Amino acid sequence: MLARLGLEPGDEEFYAQQLSGILGHIDRLQELDTDDIPPTAQVVEVANTLRDDVPRPCLTQEEALANAPAAVDGFFRVPSIQEEA
Amino acid sequence: MTDPTKLGIGELQILLRSRELSAKELLAAHMTRIDEVDDRVKAFLRRTTELATDQAAAADRAFESGQAGPLTGIPVAVKDVLCVRGVETTAGSQILRGFRPPYTGTAVSRMFAAGAVMLGVTNCDEFAMGSSTENSSYFPTHNPWSLDRVPGGSSGGSAAAVAAGEAVIALGTDTGGSIRQPAALCGVVGMKPTYGRVSRYGLIAFASSLDQIGPFARSVEDAAILLRAIAGHDPLDATCSDRPNDVQNDFDAGVSGMRLGVPREYYEIEGMEPGVKAAVEKALQALQGAGAELVDVNLPHTDYGLAAYYIIAPAECSSNLARFDGVRYGLSDQDAGNITDAYMQTRRQGFGTEVRRRVMLGTYALSSGYYDAYYVKAQKVRTLIKRDFDAAFAKCDAIVSATSPTVAFPIGAKTQDPLAMYLCDVLTYGGNLAGLPGISVPCGMSESLPVGLQILAPQWREDVALRIARAYEVASGVKAEVAPV
């Protein structure tokens, strides 16, 4: 549900079996003592790169909407997000 | 004149500059080659003939006016994960079918600015997830050396196109081995740069802390020329370094006096084929003969690399792939009654089995209650793996091993067993987790199929990896050849 994958009947069993095998391998990580080890999220020295806050050219509204499956009045159109009262 | 589809950049530039060969003729020769072999190899998803024709005409004008750059007129192929303005780019997935990017990514832009002529878009595993190109939602690509075998993956189309003489050079991407492994299996040169060496702007993201764009070629020199053309600082990617573009320094300096680390763990890895090991050991002798010293090093956490990778990469992918929701681009279920159903239906129809598997794995690893046990644990093990490399590089200039424990395997052999497929990259994950540059160069054949030698160097030392690869190529006389398709 969380990942909005839209599983079909039978999918759960299929993936559960495969993912159990993969997680079985991954469980070997628990063999290692990592209490005093810091986590690594990225490996190079570049950090907190900021640019000057200066406007620069960007996509036009038309370009941004060019790939939209459905657009109306310059907006992306989506199905209703609330039940009608 | 020699068939130009067999030549490298240096030889072609001589012919092009002397006007003995026009860019238009060179393009025509490659289009003919593609027409002849690609119904069997299936490296290309799409041809960009109009763009190529315009670029070749511009290249010829550049030669006439003396304005030619390092890649002027050179026919190239581009993996289906790199955005090119107006050219359908789908990451091998149905969910992006019909997507035409509104801009061109930095690596491709720089390649174009250097004069390249784009032949087309190459096949790959869906969202670059796979080691055989069989996860493409379109069709599998075939290994030019043996058509019933896989080309490796995920950049299998780019590797096969270069191996088959359909393109001189190509761009791929490498998140866990996706340039180096297909290069090894197709008998060409492939290089993953240091994380941060090449801008990822315009790359459809898979795992953002691991992804890098890099070159395929049939010689180390051509790989170096393409890498130099695309490398360097880019304000559009905050992780792209502003270090100097020194990748080709001391290219021909040889390996005399260099220390090459031989990690026992990489030679005793489970599933290592004797023929692969023998070819790599012969390559070590050639490097020794050229003056290098071999030193034993250890990478004690090698057996944990795959496990750490298959938490970190799926975690990042589950986050990155959240954007494919059918609202702004690509496939969209327009019949759903509400937004949640629209997301569900779009993603059910658009994502293939491996992508769904990884999104599930990543979502699970990041979910509350499992976050520390899986995701943080994997990040800590990533630290241990990086420290292994730091310690090894204190004793050597680079690490040499096989790129893949096996040669190319038959199509269909591993599709039912995801873990077996994941083990294909057991020698390459480390380079991504530690952010290292790594190159695979052909080092002979086993069972009539190519074997790759992997050279891993410290961060930012592409120059060292390329210099050793070049010295090996010269000393051994083993050079990538066009496969006789």
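The values are calculated or read from the model by the stated rules, or taken from the named source; none is laboratory data. All values reported here derive from a predicted model rather than from experimental measurement. Here the Cβ is made from the backbone with ideal geometry for all residues, glycine too, and neighbour counts use every protein chain on show.
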Single match in A:GLU45, A:GLU62 (criterion: outside any strand (DSSP E or B), more than 7 Å from chain B (Cβ to nearest Cβ), within 26 Å of B:ASP211 (Cβ to Cβ) and among the charged types (D, E, K, R))
A:GLU45
When the residues of the stretch A:42-63 are narrowed to those that are loosely packed, with under 12 Cβ neighbours inside 10 Å and among the hydrophobic types (A, V, I, L, M, F, W, C), which ends up farthest from the chain's Cα centre (by Cα)?
A:VAL54
Restricting attention to the stretch B:181-203, which residues are within 26 Å of B:ARG100 (Cβ to Cβ) and either in a loop (DSSP other than H, G, I, E, B) or without any contact (Cβ under 8 Å) to a residue 12 or more places away in the chain (or both)?
B:VAL198, B:SER199, B:ARG200, B:TYR201, B:GLY202
Which residues, taken from the stretch A:1-31, are part of a helix (DSSP H, G or I) and of a type in the set (A, V, I, L, M, F, W, C)?
A:PHE14, A:ALA16, A:LEU19, A:ILE22, A:LEU23, A:ILE26, A:LEU29
Tell me whether the stretch B:370-386 contains one or more residues that are crowded, with 18+ Cβ neighbours inside 10 Å, assigned to a helix (DSSP H, G or I) and modelled with pLDDT under 95.
no
Just to verify a result, which residue in the stretch B:160-180, among those that are in a loop (DSSP other than H, G, I, E, B) and hydrophobic (A, V, I, L, M, F, W, C), is farthest from B:MET118 (Cα to Cα)?
B:ILE179
State whether one or more residues within the stretch B:308-326 are more than 30 Å from B:VAL376 (Cα to Cα) and either surrounded by fewer than 20 Cβ atoms within 10 Å (Cβ to Cβ) or over 22 Å from the mean Cα position of the chain (by Cα) (or both).
yes
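Please find, within the stretch B:287-324, the residue that is farthest from the other protein chains (Cβ to nearest Cβ) out of those that are over 30 Å from A:GLU62 (Cα atoms) and of a type in the set (D, E, K, R).
So the first thing to find is which residues in the stretch B:287-324 are over 30 Å from A:GLU62 (Cα atoms), and the list is B:287-316.
The next check asks that each one be of a type in the set (D, E, K, R); those that pass are B:293, B:296, B:303, B:316.
On the way: B:GLU293: 28, B:ASP296: 23, B:ASP303: 7, B:GLU316: 10 Å.
Only one residue tops the list, namely B:GLU293.
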Taking B:LEU419 as the residue in question, decide whether it is surrounded by fewer than 21 Cβ atoms within 10 Å (Cβ to Cβ), within 14 Å of another protein chain (Cβ to nearest Cβ) and touching a residue at least 24 places away in the same chain (Cβ under 8 Å).
no
Failed condition for B:VAL37, given (1) in contact (Cβ under 8 Å) with a residue 40 or more places away in the chain; (2) in a helix (DSSP H, G or I); (3) surrounded by fewer than 21 Cβ atoms within 10 Å (Cβ to Cβ), with all others met?
(3)
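What do you reckon, is B:ALA279 closer than 15 Å to B:GLN454 by Cα, buried (at least 20 other Cβ atoms within 10 Å of the Cβ) and touching a helix residue (DSSP H, G or I) at 6+ places or on another chain (Cβ under 6 Å)?
no
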Looking across the stretch A:22-39 at residues that are more than 7 Å from chain B (Cβ to nearest Cβ), under 25 Å from the mean Cα position of the chain (by Cα) and of a type outside the set (A, V, I, L, M), the single one that is farthest from B:ALA420 (Cα to Cα) is A:ASP27
Quick one: B:LYS380 ticks every box in (1) among the charged types (D, E, K, R); (2) under 25 Å from the mean Cα position of the chain (by Cα); (3) facing chain A (nearest Cβ under 9 Å) except a single one, so which number is it?
(2)
Screening A:ARG51, A:ARG4, A:ARG77 for residues that are at the interface with chain B (Cβ under 7 Å from one of its Cβ atoms) and closer than 25 Å to B:TYR343 by Cβ leaves only A:ARG4
Condition test on B:ALA223, is it surrounded by fewer than 17 Cβ atoms within 10 Å (Cβ to Cβ), of a type in the set (A, V, I, L, M, F, W, C) and under 20 Å from B:VAL441 (Cα atoms)?
no
Return the residues of the stretch B:325-366 that are at the interface with chain A (Cβ under 7 Å from one of its Cβ atoms) and farther than 26 Å from A:ALA68 by Cα; say none if nothing qualifies.
B:ARG357, B:MET360, B:LEU361, B:THR363
For the stretch B:467-484, indicate whether the set of residues that are closer than 21 Å to B:GLY257 by Cα and either within 14 Å of chain A (Cβ to nearest Cβ) or in contact with a Pro (Cβ under 9 Å, 6 or more places away or on another chain) (or both) is non-empty.
yes
Got a number for residues in the stretch B:82-110 being assigned to a loop (DSSP other than H, G, I, E, B), of a type in the set (Ser, Thr, Tyr) and surrounded by fewer than 22 Cβ atoms within 10 Å (Cβ to Cβ)?
2
If B:VAL355 passes every condition in (1) in a loop (DSSP other than H, G, I, E, B); (2) closer than 15 Å to B:SER93 by Cβ; (3) of a type in the set (Val, Ile, Thr) but one, which one does it miss?
(1)
Regarding the stretch B:120-143, can at least one residue be identified that is part of a strand (DSSP E or B), of a type in the set (Gly, Ala, Ser) and modelled with pLDDT of 95 or more?
yes
Got a sec? Which of B:GLN345, B:GLN285 is in a helix (DSSP H, G or I), closer than 30 Å to B:PHE99 by Cα and either touching a Pro at 6+ places or on another chain (Cβ under 8 Å) or of a type outside the set (A, V, I, L, M, F, W, C) (or both)?
B:GLN345
Scan the stretch B:444-463 for residues that are surrounded by fewer than 24 Cβ atoms within 10 Å (Cβ to Cβ), under 24 Å from B:VAL426 (Cβ atoms) and not acidic (Asp, Glu) and jot them down.
B:GLY444, B:MET445, B:SER446, B:SER448, B:LEU449, B:PRO458, B:GLN459, B:ARG461
Does B:SER131 qualify as being under 29 Å from B:GLY66 (Cα atoms) and either within 14 Å of the chain's Cα centre (by Cα) or surrounded by fewer than 24 Cβ atoms within 10 Å (Cβ to Cβ) (or both)?
no
In this structure, is A:LEU19 out of contact with any helix residue (DSSP H, G or I) (no Cβ under 8 Å at 6 or more places or on another chain), surrounded by 13 or more Cβ atoms within 10 Å (Cβ to Cβ) and either within 30 Å of B:GLY305 (Cβ to Cβ) or more than 7 Å from every other protein chain (Cβ to nearest Cβ) (or both)?
no
